[in-house]
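In what follows, a structure is listed as structure tokens, so that the remarks can point back to it.
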Amino acid sequence: MLALLVLTACSTPTAVADTDDFRWMGTVVAGLSETGEQAEELVIPASATEVSLDLTGNTVLRRLSFESDDTVIRNLILEDCTALEEVVFPASVEEIGNCSGCTSLTRVTIPEGVTTISGSAFYGCTSLKTVVMPESVREIGVYAFSGCSGLESVTLSPNLTQIPDGAFYQCSSLGEVQVPEGVTSIGSSAFDECASLSAVSLPESLSVLKDAAFMDCTALTTITIPANVSEIDHTAFMKREGEQVAFYVREGSWADLNSVKYCLSGDPTTY
């Protein structure tokens with residue numbers, strides 16, 4: 001069975017909520033009971049006003065959902081939940097994180113309303129195949145999807161202003177990426193060691209490409225540098241092996257006049 005993580009608004013659970021699966025502090029879910037620790041599916045009851053739940057290392061749980069969209073997540077840690085196939089979040093969620101090491105996940109659908117994907121949120125989710133970010137996402141944390149070696153497709157939010165350090169580091173199956181207009185900076189090792197990356201579209205808003213931003217992207221052979229770029233680190237497109245990247249730059253732009261700083265093989269072609 002393909003594992004699936006769906007981060008979306010609350011839907012009808014496949015199991016009935018059982019308050020006995022949880023430890024309670026008033027109306028707050030604060031942990032799992034003995035029966036909850038053995039459950040393959042957990043449904044947070046509508047009677048829970050808040051959730052503060054650490055499920056780190058749980059190897060039994062396959063599905064987690066919420067009965068009510070009104071339940072507030074104060075803390076939810078799903079790190080190294082290696083059997084987890086699906087999570088259905090309430091509409092109240094604004095930040096997603098703490099899902100690193102969930103090695104069975106193959107797809108992430110992030111609900112509208114989420115504004116932040118925190119640092120290392122999905123680090124090492126090696127079976128993750130697809131990521132689609134809604135327009136509400138404005139920030140990605142460092143190394144958010146690092147080590148997602150099975151990631152093949154990503155759609156970035158049009159409201160991002162930067163791609164942070166290591167965001168997609170070692171996503172070795174990622175084939176193409178379109179960086180949206182509005183992004184001004186691509187951080188250190190943001191797409192480093194994305195060995196399958198063969199097509200990259202950079203926006204006119206981009207101004208900075210930091211060290212190792214696209215280092216060792218062995219399938220990348222050509223790149224067009226937007227006219228507004230004013231800084232490219234000399235390692236941004238470096239390859240330790242294979243053919244170096246060929247650059248297309250706007251005549252008279254910074255990238256044209258300073259190509260010696262980053263162009264490792266020959267001169268760029270102007271347009």
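The values are calculated or read from the model by the stated rules, or taken from the named source; none is laboratory data. Keep in mind that this is a model prediction, so the values were computed, not measured. All Cβ positions, even for glycine, are placed from backbone atoms using ideal geometry, and neighbour counts span all protein chains on display.
Consider only pairs whose beta carbons are under 7 Å apart and that are at least six residues apart or on different chains; among these, list those whose first residue lies in region 125-150 and is within 19 Å of Glu94 (Cα to Cα) and touching a residue at least 40 places away in the same chain (Cβ under 8 Å) and whose second residue is buried (at least 17 other Cβ atoms within 10 Å of the Cβ) and acidic (Asp, Glu).
From residues that are within 19 Å of Glu94 (Cα to Cα) and touching a residue at least 40 places away in the same chain (Cβ under 8 Å), the pairs are Val142/Asp165.
Taking Val229 as meeting all but one of (1) surrounded by fewer than 19 Cβ atoms within 10 Å (Cβ to Cβ); (2) in contact with a helix residue (DSSP H, G or I) (Cβ under 9 Å, 6 or more places away or on another chain), write down the number of the exception.
(1)
Given the structure, is Ser157 under 17 Å from Thr116 (Cβ atoms), of a type in the set (Gly, Ala, Ser), surrounded by 18 or more Cβ atoms within 10 Å (Cβ to Cβ) and modelled with pLDDT of 95 or more?
yes
If you check Ala48 against the conditions, is it buried (at least 21 other Cβ atoms within 10 Å of the Cβ), assigned to a loop (DSSP other than H, G, I, E, B) and among the aliphatic types (A, V, I, L, M)?
Yes.
Evaluate the following for Ile163: is it under 25 Å from Gly113 (Cβ atoms) and of a type outside the set (S, T, N, Q)?
It is true that Ile163 is under 25 Å from Gly113 (Cβ atoms) and of a type outside the set (S, T, N, Q).
In region 1-34, how many residues are at pLDDT below 95 and over 22 Å from Ile110 (Cα atoms)?
Count: 5.
State all residues of region 51-84 that are among the charged types (D, E, K, R) and surrounded by 15 or more Cβ atoms within 10 Å (Cβ to Cβ); if no residue qualifies, say none.
The answer is Asp54, Arg62, Arg63, Glu67, Glu79, Asp80.
How about region 207-242: which of its residues are closer than 14 Å to Trp254 by Cβ, in contact with a strand residue (DSSP E or B) (Cβ under 7 Å, 6 or more places away or on another chain) and among the aliphatic types (A, V, I, L, M)?
Listed by number, the residues that qualify are Val208, Leu209, Ile225, Val229, Ile232, Ala236.
Yes/no matrix, rows are residues, columns are (1) modelled with pLDDT under 95; (2) among the hydroxyl-bearing types (Ser, Thr, Tyr); (3) under 15 Å from Asp192 (Cα atoms); (4) assigned to a loop (DSSP other than H, G, I, E, B):
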position	(1), (2), (3), (4)
Leu105	yes, no, no, yes
Val108	yes, no, no, no
Val114	yes, no, no, yes
Val131	yes, no, no, no
Ser136	no, yes, no, yes
Tyr143	no, yes, yes, yes
Leu151	no, no, yes, yes
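For (1) out of contact with any Leu (no Cβ under 9 Å at 6 or more places or on another chain); (2) farther than 28 Å from Ile163 by Cβ, each residue gets a yes or a no:
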{"residue": "Asp20", "(1), (2)": "yes, yes"}
{"residue": "Glu34", "(1), (2)": "yes, yes"}
{"residue": "Asp54", "(1), (2)": "no, yes"}
{"residue": "Leu78", "(1), (2)": "no, no"}
{"residue": "Arg107", "(1), (2)": "no, no"}
{"residue": "Gly113", "(1), (2)": "yes, no"}
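Do the conditions hold for Glu79, that is, is it in contact with a Pro (Cβ under 7 Å, 6 or more places away or on another chain), acidic (Asp, Glu) and either over 22 Å from Pro45 (Cβ atoms) or not in a loop (DSSP other than H, G, I, E, B) (or both)?
Against the criterion (in contact with a Pro (Cβ under 7 Å, 6 or more places away or on another chain), acidic (Asp, Glu) and either over 22 Å from Pro45 (Cβ atoms) or not in a loop (DSSP other than H, G, I, E, B) (or both)), Glu79 does not qualify.
For region 155-271, please list each of the strands (runs of 3 or more DSSP E) lying entirely inside it that holds at least 3 residues being within 20 Å of Ala144 (Cβ to Cβ).
By residue number, 176-178.
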